[in-house]
């Protein structure tokens, strides 16, 4: 009995649309990361990118449970002394909701070349319109 390893020709990448309206951030991000990494495909191989393309719409309608919406902070470092910048979840949601979902989903992917390759298949959009209609994406319920 030999182990099946898919070649590049055998990997069929589909396009999937995920609607984030009313969904909890962490649960939604883990479901999207699962599709990006290919763990929902029967031909999943840990060291090969077998995942599908993911288009996330309605990023501004994502929700957090409890008091996290008021307490959650996003931090980044500019690289300069004293350059730690902080922004509240509510302000970042109003300014750039795509960044919240991208950061949550990418944080659930492997921290390697393979994870960065998986992250390139992620597209997050603010409203319910997206420019990927030509790829005929399939709506997936999360």
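Go through segment 1-13 and give me each residue that's under 30 Å from residue 62 (Cα atoms) and surrounded by 14 or more Cβ atoms within 10 Å (Cβ to Cβ). Spell out how you get there, then give the answer.
Step one: list which residues in segment 1-13 are under 30 Å from residue 62 (Cα atoms), which gives 12-13.
Once the filter is applied, which keeps residues that are under 30 Å from residue 62 (Cα atoms) and surrounded by 14 or more Cβ atoms within 10 Å (Cβ to Cβ), segment 1-13 yields only 13.
If you take the residues in segment 14-40 that are modelled with pLDDT of 95 or more and in a loop (DSSP other than H, G, I, E, B), which one is surrounded by the most Cβ atoms within 10 Å (Cβ to Cβ)? Steps first, answer last, please.
Taking segment 14-40 first, the residues modelled with pLDDT of 95 or more are 14-39.
Then keep just the ones that are in a loop (DSSP other than H, G, I, E, B); that gives 14, 20-23, 38-39.
On the way: 14: 15, 20: 24, 21: 12, 22: 10, 23: 20, 38: 22, 39: 12.
Among those residues, the one meeting the criterion is 20.
Looking at residue 56, is it within 23 Å of residue 141 (Cα to Cα), touching a strand residue (DSSP E or B) at 6+ places or on another chain (Cβ under 7 Å) and surrounded by 18 or more Cβ atoms within 10 Å (Cβ to Cβ)?
Details: within 23 Å of residue 141 (Cα to Cα): yes; touching a strand residue (DSSP E or B) at 6+ places or on another chain (Cβ under 7 Å): yes; surrounded by 18 or more Cβ atoms within 10 Å (Cβ to Cβ): yes.
Judged against the criteria, residue 56 is a match.
Go through segment 41-80 and give me each residue that's in a loop (DSSP other than H, G, I, E, B), farther than 24 Å from residue 120 by Cα and touching a helix residue (DSSP H, G or I) at 6+ places or on another chain (Cβ under 8 Å).
Residues of segment 41-80 in a loop (DSSP other than H, G, I, E, B): 41-52, 58, 62, 64-67, 72, 78-80.
Then keep just the ones that are farther than 24 Å from residue 120 by Cα; that gives 64-67, 72, 79-80.
If the condition is that a residue be in a loop (DSSP other than H, G, I, E, B), farther than 24 Å from residue 120 by Cα and touching a helix residue (DSSP H, G or I) at 6+ places or on another chain (Cβ under 8 Å), then 64, 72 are the ones that fit.
The values are calculated or read from the model by the stated rules, or taken from the named source; none is laboratory data. This one's a predicted model, so the numbers in the text were calculated from it and none came from an experiment. Using ideal geometry, Cβ is built from the backbone for each residue, glycine included, and neighbour counts are taken over all protein chains shown.
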